[in-house]
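All remarks here apply to the structure that follows.
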């Protein structure tokens, strides 16, 4: 019966008892150490920002080149289409078999004789 009673109790949420981490508390930095740490972090951020700016400049220059290449390609395509349209007359499209009227095949002489009663 003890097992039935424990099964009916709602489960506890969170960590089981005794599982708390026992890491020590951090000691607080005094003013001088804190400013040194912050200055180091700021210097790292400035370096990273410069590096990212250089990358952005390279990519925009490369992107402009790629865009001009795409523009040239599209202009060549348009030019080819215009020359094709002006140079040669348009060809007529073939008729499809569905568009043709179906002509009946004439029956042979023997078939006509059989049909005559």
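The values are calculated or read from the model by the stated rules, or taken from the named source; none is laboratory data. Model, not experiment: these values are computed from the prediction. Note that we place each Cβ from the backbone using ideal geometry, even for glycine, and neighbour counts take in every protein chain shown.
Observations
- Some residue of the range 8-19 being in contact with a helix residue (DSSP H, G or I) (Cβ under 9 Å, 6 or more places away or on another chain), assigned to a loop (DSSP other than H, G, I, E, B) and either at negative phi or modelled with pLDDT of 85 or more (or both): no
- Applying the set (1) more than 26 Å from the chain's Cα centre (by Cα); (2) in a helix (DSSP H, G or I); (3) at pLDDT below 80 to residue 44 leaves exactly one unmet item: (3).
- When the test is whether a residue is surrounded by fewer than 10 Cβ atoms within 10 Å (Cβ to Cβ), part of a helix (DSSP H, G or I) and modelled with pLDDT of 70 or more, residue 110 passes it.
- Against the conditions (1) modelled with pLDDT under 80; (2) in a loop (DSSP other than H, G, I, E, B); (3) loosely packed, with under 10 Cβ neighbours inside 10 Å, residue 28 satisfies every one except (1).
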